[in-house]
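First comes the structure, then the notes that go with it.
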Amino acid sequence: MLDLQGIAKHFGGVHAVDGVDLTVKRGEILGLIGPNGSGKSTIVNLVSGLFPLTSGRILFDGDDISDLPSHARVGLGIARTFQNIRLFGQLSVWQNLWVAQNSRLQRQEMFFTRWFGGSAGVQAEIERTLEFFDLAHKRHELAANLSFGEQRRLEFARAISAKPSLLLLDEPAAGMNAEEVDQLDARIRKMRDDGFTVLLIEHHVELVMSVADRIAVLNFGRKIAEGPPAAVQDDAAVREAYLGTR
Ligand SMILES: Nc1ncnc2c1ncn2[C@@H]1O[C@H](COP(=O)(O)OP(=O)(O)OP(=O)(O)O)[C@@H](O)[C@H]1O
């Protein structure tokens, strides 16, 4: 589904991403880990179109999307969460999800469904999402008034509401306590069961080991390992670069 071919991003002399090949297959959860500054977030920013590539190509479902602007990539079904939460603070929880749903419906050009038959379905879907993320009791609360953990859940809920073909999760466990990480683990597993395709960038190695089908490891902007969690965990280069240093 997603095929990164020799992608690189240089910021002046800093080679943040330096010739990475990486494939995400439909229906899998690919974990991307690596030490601080190894280029993980830069890859998310390149795939979502926030930064232009220095070199290489990004293919999505076989099409070269390297030069498409962010909004066009969203239109193709690539959704993301941000390390620093970005919600509509002055809209309610429900409204934040409604906006996300609406963007999807526009994407699918379901004008008639949206106006003449979709509203009950849309509302039911928002309700299911609120339940799934344990936010039903907060539906009328302004996003800005939510606790940090609730805002993270809403950010995740909003990304899923767009029914993405590919979801980029940028450090979803950042700042979460152990109980919240367990809940996040369960939600990502459920998403895998539901057939979502996810690129999961995360510092929390235990979480990635638990939920990812495959893991790729970055160090200094380069991929140093890729494979099933157990193999990656035992990889000598990974242990030296990352796991062994924690
Ligand atoms: N906009 C930018 N301008 C200049 N340098 C940048 C920029 N964004 C990232 N970098 C540099 O690129 C390198 C990779 O950063 P990146 O944020 O992708 O790493 P990361 O693996 O996501 O790190 P972390 O785990 O700490 O979030 C770092 O050296 C960083 O300082």
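Could you pull out every residue, at least 5 positions away or on a different chain, whose amide H is within less than 5 Å of the one on Ile224? Hs are placed 1.01 Å off N in the peptide plane, and Pro or chain starts have none.
Amide H neighbours of Ile224: Val217, Leu218, Asn219.
Given H placed 1.01 Å from N in the peptide plane, which residues other than close sequence neighbours of Gly31 have an amide H under 5 Å from its amide H?
Leu200, Asp213, Arg214, Ile215, Ala216
For the chain, find the longest principal axis of its Cα atoms and tell me its angle to the long axis of helix 118-132, 0 to 90°, nearest 10.
50
If only Cα atoms are counted, what is the Rg of region 200-246, and what is its Dmax, in Å?
Gyration radius and largest Cα-Cα distance of region 200-246: 9.6, 25 Å.
Taking H placed 1.01 Å from N in the peptide plane, check which residues at least 5 places from Leu68 or on another chain put their amide H under 5 Å from its amide H.
Close amide H contacts, sequence-distant or interchain: none at all.
At what distance in nm do the modelled label points of Asp194 and His71 sit from each other, each positioned 7 Å from its Cα along Cα→Cβ?
Taking the two extended label points, one gets 2.7 nm.
May I ask you to compute the full-extension gain from Leu142 to Asp182, defined as 0.36 nm times their residue separation minus their alpha-carbon distance, rounded to one decimal in nm?
Net length gain for the segment: 11.8 nm.
Spelling out what I want: for every residue of region 139-154, take phi, set θ = phi - 60°, compute 6.51 cos²θ - 1.76 cosθ + 1.60 (Karplus), and round to whole Hz; glycine and proline get x.
Along region 139-154, the couplings run 4, 8, 6, 5, 4, 5, 8, 6, 5, 4, x, 5, 4, 5, 5, 5 Hz.
Got a sec to turn the phi values of region 205-211 into Karplus ³J(HN,Hα) couplings, 6.51 cos²θ - 1.76 cosθ + 1.60 with θ = phi - 60°, whole Hz, x for Gly and Pro?
4, 4, 4, 5, 4, 6, 9
Compute the convex hull volume of the Cα atoms of the chain, divide it by the residue count, and report the result per residue in Å³ as a whole number.
Dividing the Cα hull volume of the chain by its residue count gives 126 Å³.
Before anything else, pin down the relative contact order of the chain: Cα pairs under 8 Å, at least 6 apart, normalised by residue count, whole percent.
Working: 437 pairs, mean separation 69.8, N = 246.
With pairs under 8 Å counted, the relative contact order is 28 percent.
Give me the number: length gained by fully extending Glu131 to Gln233, i.e. 0.36 nm times residue separation minus the C-alpha to C-alpha distance, one decimal in nm.
Length gained, Glu131 through Gln233: 33.3 nm.
Of Lys40/Lys138; Lys9/Lys163; Lys25/Lys190, which pairs sit farther than 23 Å apart, going by alpha carbon to alpha carbon?
Lys40/Lys138; Lys9/Lys163
Suppose we keep just the DSSP beta bridges with both residues in the chain; what percent of those would be antiparallel, to 5?
60
Can you give the extra length, in nm with one decimal, that the chain gains between Asp213 and Asn102 once fully stretched, where that is 0.36 nm per residue apart less the Cα-Cα distance?
On the way: separation 111, 0.36 × 111 = 39.96 nm, distance 3.11 nm.
In short, 36.9 nm is gained.
Of the options Phe88, Gly39, Ala178, report the single residue whose Cα projects farthest towards the positive end of the charge dipole of the chain (beta-carbon charges: Lys, Arg +1; Asp, Glu -1).
Going by the charge dipole, the pick is Phe88.
Do the sum for the chain: with -39,500 (n - 2.57) for every DSSP H run of n ≥ 4, divided by all residues, what is the mean residue ellipticity at 222 nm, to the nearest 500 deg cm²/dmol?
Computed ellipticity for the chain at 222 nm equals -11500 deg cm²/dmol.
Values quoted throughout were computed directly from the atomic coordinates according to the rules given, and no laboratory measurement underlies them. Note that the coordinates shown come from a computational prediction; the quantities given were computed from them, not determined experimentally. With ideal geometry, Cβ positions are generated from the backbone for all residues, glycine too; neighbour counts draw on all protein chains shown.
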